[in-house]
Amino acid sequence: MIATRLANPADTAALAELFYRIDLHYFGPKRANREAALRYVARNLFQPHCGVQVMLAERDGQAIGLATFSLLYPAPEYSGQLYMKDLFTLEEARGSGAGKALLRALAQTAVHHGCLRLDWTAERGNQAAVDFYHHIGARIVEDKIYYRIDGAVLRAFAEASL
């Protein structure tokens, strides 16, 4: 049985392990670092500046996945939007229903807070994710463009005078 719940500061070690496993999955062993993941979680999550919440998926009391999300306002019809930043399950938990349970928990959270939509992005090359999202009934939003400023351009823009 897979259970979902909001993470809290007592989950820091479990979250750090999941963040480490995310880096291992996407970027490989040269970039993934358990100690750095623990410092990162402790420094950023559950802090006043953090607008992110984490939904955990657990099986037998062990964290097997997470979804990070924020509630955003305004949204159409004076509602809110739940934006999911990341959805991740451990490799050994894939296909177990953990991802679906996490998304359902986010949908329930969205409805509870009066949100009319649940949005997220996916990497075009992650076919398993794309297939999963289509399977649960998600649609691609064609009328939006996803933008990014990063690296040196971000720093230069931040430092530019008005």
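At ALA42 and GLU91, where each label point lies 7 Å from the Cα along Cα→Cβ, what is the point-to-point distance in nanometres? With each label point 7 Å from Cα toward Cβ, the separation is 2.8 nm. Loop-located GluC sites (Glu not before Pro) in the range 77-162 (DSSP state not H, G, I, E or B) with no more than 13 neighbouring Cβ atoms inside 10 Å: GLU123, GLU142. Of the chymotrypsin sites (Phe, Trp or Tyr not before Pro) found in the range 62-146, the ones in coil according to DSSP and having at most 11 other Cβ atoms within 10 Å of their Cβ are TYR146.
Surface composition of the chain: carbon plus sulfur atoms hold 54% of the accessible area, using a 1.4 angstrom probe and ignoring ligands, DNA and RNA. Using only side-chain charges placed at the Cβ, +1 for Lys and Arg and -1 for Asp and Glu, the dipole size of the chain relative to its Cα centre rounds to 120 debye. GNM, the chain, Cα, under 10 Å: largest mean-square fluctuation among ASP119, ASP11, ASP143? It is ASP143.
Given axes a ≥ b ≥ c from the Cα gyration tensor, I'd like to know whether the chain is rounded (a/c under 1.5), prolate (a/b larger than b/c) or oblate. Rounded is the answer for the chain, as its axis ratio a/c remains below 1.5.
The trypsin sites (Lys or Arg not before Pro) of the range 60-136 meeting both criteria, a DSSP state outside H, G, I, E and B (loop) and at most 12 other C-beta atoms within 10 angstrom of the site's C-beta, are ARG124.
In straight-distance terms, cross-link reach from LYS85 covers every one of the aspartates and glutamates whose alpha-carbon lies under 15 Å from its own, apart from those fewer than eight places away in the same chain; here that gives ASP23, ASP119, GLU123. Between HIS112 and GLU35, full extension at 0.36 nm per residue minus the direct alpha carbon distance yields a gain of 24.1 nm. Taking 7 Å steps out from each Cα toward its Cβ at PHE27 and LYS144 produces label points 2.4 nm apart.
Solvent exposure of the chain, expressed per residue, is 69 Å² of accessible area, with all protein chains present and a 1.4 angstrom probe.
With unit charges on the beta carbon (Lys/Arg positive, Asp/Glu negative), name the residue among PRO74, LEU18, LEU106 whose Cα is farthest towards the positive pole of the charge dipole of the chain. Toward the positive end, the furthest listed residue is LEU18.
The values are calculated or read from the model by the stated rules, or taken from the named source; none is laboratory data. Note that the coordinates shown come from a computational prediction; the quantities given were computed from them, not determined experimentally. All Cβ positions, even for glycine, are placed from backbone atoms using ideal geometry, and neighbour counts span all protein chains on display. In case anyone asks, the SASA skips ligands and DNA or RNA and just uses the protein heavy atoms, side chains included. Shrake-Rupley method; radii C 1.70, N 1.55, O 1.52, S 1.80 Å.
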